[in-house]
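Scroll down for the structure; my scribbles are underneath it.
The values are calculated or read from the model by the stated rules, or taken from the named source; none is laboratory data. Model, not experiment: these values are computed from the prediction. Cβ: placed from backbone, ideal geometry, glycine included. Neighbour counts: every protein chain shown. Just the protein is used for accessible areas: all its heavy atoms, side chains included, with ligands, DNA and RNA removed. Shrake-Rupley method; radii C 1.70, N 1.55, O 1.52, S 1.80 Å.
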Amino acid sequence: MKFCSQCGGSVTQRIPSGDNRLRYICNDCNFVHYQNPNVVVGTIPLYVDEQGEVKILLCRRNIEPRHGFWTLPAGFLENDETSSEGAQRETIEESCANIDNLAIYRVFNVAHANQIHMFFRADMMDGSFSTTSESSDVRLFGFDDIPWSELAFPTVHKALVDFVADHSGGDFAIEMIDIDHGYWKAMIESVK
Ligand SMILES: [Zn+2]
């Protein structure tokens, strides 16, 4: 940050009195610009086809970061929307899928990226979906066909690993998990 969004003045990093962290503070109007984590919300869209086979909808990213890699539909929560509303909106924006019955499944603390990722289980109400400006490809994958080595983010990977494991037992216990730098490497090694 270089300039104050309140008055356009220059900012410098200082610790405000009574605080214990460096903050960007305006040199002109003294406004303190607090910066806090962003929330990413997404879904695990589930579809049962005519043969009774269970499938998950994945999107191939048409945008950076991780352009060309597969992801669960997800994106940043907006102001004035609930986490499940945001997850449903992002799913529509990235896949045009018609989903319902959202249920929270995983909350990931991604502290090194200043983010919290929330994934909801969701039912696809029909088999319709399509590519969008954000997704160059959208496809249903059976559990045996999930492109594990081409997934975009560690939290997507972990959500899918857990979901596939839980699905056989039918018990989708909610968990909160911390994801650190080493997690991605360990997960990739585990599926080779
Ligand atoms: Zn200012």
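Some observations on this one:
- Ratio of Rg to Rh over segment 59-127 (Cα coordinates, Kirkwood Rh, two decimals): 0.96
- Segment 145-184 - convex hull of the alpha-carbon atoms, volume per residue in Å³: 67
- Heavy-atom surface analysis with a 1.4 Å probe gives segment 1-145 a carbon and sulfur content of 46 percent of its accessible area.
- Using a cutoff of 8 angstrom between alpha carbon atoms and counting only pairs six or more residues apart, the relative contact order for the chain works out to 21 percent.
- Charge tally in the Cβ shell below 14 Å around I44, where Lys, Arg are +1 and Asp, Glu are -1, I44 excluded: -3
- Based on the Stokes-Einstein relation at 37 °C and a viscosity of 0.692 mPa s, and on the Kirkwood radius from alpha carbon pairs, segment 73-112 is assigned a translational diffusion coefficient of 294 µm²/s.
- Sum of side-chain charges, F143 neighbourhood, beta-carbon under 15 Å (Lys, Arg +1; Asp, Glu -1): -3
- Here K158 is the anchor, and the aspartates and glutamates within straight C-alpha reach of less than 18 Å, apart from those fewer than 8 places off in the same chain, are D144, D145, E150, D166, D171, E175, D178, D180, E189.
- Taking the Kirkwood radius as Rh and the Cα radius of gyration as Rg, segment 1-144 has a ratio of Rg/Rh equal to 1.14.
- A simple count of charges around A111, restricted to other residues whose Cβ falls under 11 Å of its Cβ and scoring Lys, Arg +1 and Asp, Glu -1, yields -2.
- The listed peptides 132-144, 32-44, 115-127, ordered by packing as a protection proxy, come out as 115-127, 32-44, 132-144 (highest mean of other Cβ atoms within 10 Å first).
- The calculated Kirkwood hydrodynamic radius for segment 107-192 is 14.7 Å, given to one decimal from all distinct C-alpha pairs.
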